[in-house]
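The values are calculated or read from the model by the stated rules, or taken from the named source; none is laboratory data. Small disclaimer: the values here were computed from a predicted structure and weren't measured. Here the Cβ positions follow ideal geometry from the backbone for every residue, glycine too, while neighbour counts run over all protein chains shown. Calculation scope for accessible area: heavy atoms of the full protein, side chains included, ligands and nucleic acids excluded. Shrake-Rupley method; radii C 1.70, N 1.55, O 1.52, S 1.80 Å.
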Amino acid sequence: MPRHPKIERSANYTYYTDILWCSVPLFAMSCYYYGARPALLGLVAAATAYLCDCVLAPLHGHGYQPHEPSSECFAVLVALLLPASVPYYIVIAGAIVAVFAKETFGGEEHYPFHPSAVGLAVVGLSWPSQVFFYPTPGTPLPLWDASDTLLTAGMNATLSSGGLPTASTLNLATGNVAGPSGTCAILVIAACGLYLLVRGHLKLSTFLPYLIVCVAIPWLLPNLNELPSFSFPWEYVQQRIYLEKYIVLSGTMLFGGIFLASEPVTQPNRHTSRIIYGLALGVFATAMRYFSDYETGVCFALLLVNAIPEWLDLVARRAERVRFMKKEERRLAKHTKPE
């Protein structure tokens, strides 16, 4: 009987499996506040991605041969970025869009835009009232039909209008606030980030510049109604500290930096390129916070900066080549004796 060829794992296999493992405690925290519905949404998203891979397999000229669980990973991230009350058809649509965003450009290791960000952007613009409004945690949601659930805007709506939310630090840390089902438990997200860092998946050359910009711009240019239009950075320190607390601990700032920005295919390959990439992502993510009410504005910022990694790597390679040639010229000139 003919033997089936052995399926080789891709270089990014462990990254996607570790992201899937990290999603488990995030779904668990969401289930603590909303009941079993978030976990079921995640399972539906993963199953949809798997079926899409099976349907699209003929495009690659062979049967379904998964080298990495990237499609399931992207679909699960979409589910974590959505409210726990979101209808199932929106989760299915987001997962399908994410898989197609990957396959459109050639599949594994070839997509320029983060598929999860594409999926979230498409469903968000298509069903904004159901994607960008969130249930209040603490009351279990109906398992199937949650259309009667009372929804509220996220904390970024208050921040973008120049106000300060009133959630306590403990509620922010534990995820007891209205927001996307998997992005509010900051302590769990930080623990996942530490795990990904130890595993070598979280690139500090991308994450730290992104984090620094997201913190520095609001400190220098705080968008607070109770502050004058211009003030020096050392003035109104207490108000600035409160603002920074809500910027760091609310919304998807940390989640985006840990789970989305360091995706190995869409971020640049070179160290200097990743620094510039992280700075640009921080600038656009902050702009989204200032000028939009979207709690998941970092996804739109990510789609903007996903257009430049190849260009950044090209510029970095040329700069390195120029430095090498100049170094060689100096070395030859040093060792060449005058006639």
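The table that follows gives values for the structure above.
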item: Verdict on G119 being of a type outside the set (D, E, K, R) and either open to solvent by 40 Å² or more (accessible area, probe 1.4 Å) or modelled with pLDDT of 90 or more (or both); result: yes
item: Every pair of residues 6+ apart whose Cβ atoms lie under 8 Å, when the first sits in region 74-95 and is free of Cβ contacts under 8 Å to residues at least 40 places away in the same chain and farther than 17 Å from A36 by Cα while the second is open to solvent by 10 Å² or more (accessible area, probe 1.4 Å) and among the hydroxyl-bearing types (S, T, Y); result: A93/S126
item: Residue that is part of a loop (DSSP other than H, G, I, E, B) and in contact with a His (Cβ under 9 Å, 6 or more places away or on another chain), where the choices are E263, E235; result: E263
item: Filter pass, L120 being over 21 Å from the mean Cα position of the chain (by Cα) and among the hydrophobic types (A, V, I, L, M, F, W, C); result: no
item: Hey, Y210 within 17 Å of the chain's Cα centre (by Cα) and open to solvent by 20 Å² or more (accessible area, probe 1.4 Å) or not; result: no
item: Test: V298 is aliphatic (A, V, I, L, M), open to solvent by 40 Å² or more (accessible area, probe 1.4 Å) and not in a loop (DSSP other than H, G, I, E, B); result: no
item: Condition met for T272 (touching a residue at least 12 places away in the same chain (Cβ under 8 Å), open to solvent by less than 10 Å² (accessible area, probe 1.4 Å) and hydroxyl-bearing (S, T, Y)); result: no
item: Flag for L312 being exposed (fewer than 13 other Cβ atoms within 10 Å of the Cβ), of a type in the set (A, V, I, L, M, F, W, C) and modelled with pLDDT under 90; result: no
item: Failed criterion for A146 (all others in (1) more than 26 Å from T266 (Cα to Cα); (2) at pLDDT 90 or above hold); result: (2)
item: Any helices (runs of 4 or more DSSP H) falling wholly within region 82-172 and containing at least 1 residues that are within 30 Å of E68 (Cα to Cα); result: 88-103, 115-126, 128-131
item: Meets criteria (open to solvent by 10 Å² or more (accessible area, probe 1.4 Å) and part of a helix (DSSP H, G or I)) for V78; result: no
item: Tally, over region 185-210, of residues that are touching a residue at least 24 places away in the same chain (Cβ under 8 Å) and either part of a loop (DSSP other than H, G, I, E, B) or among the aliphatic types (A, V, I, L, M) (or both); result: 12
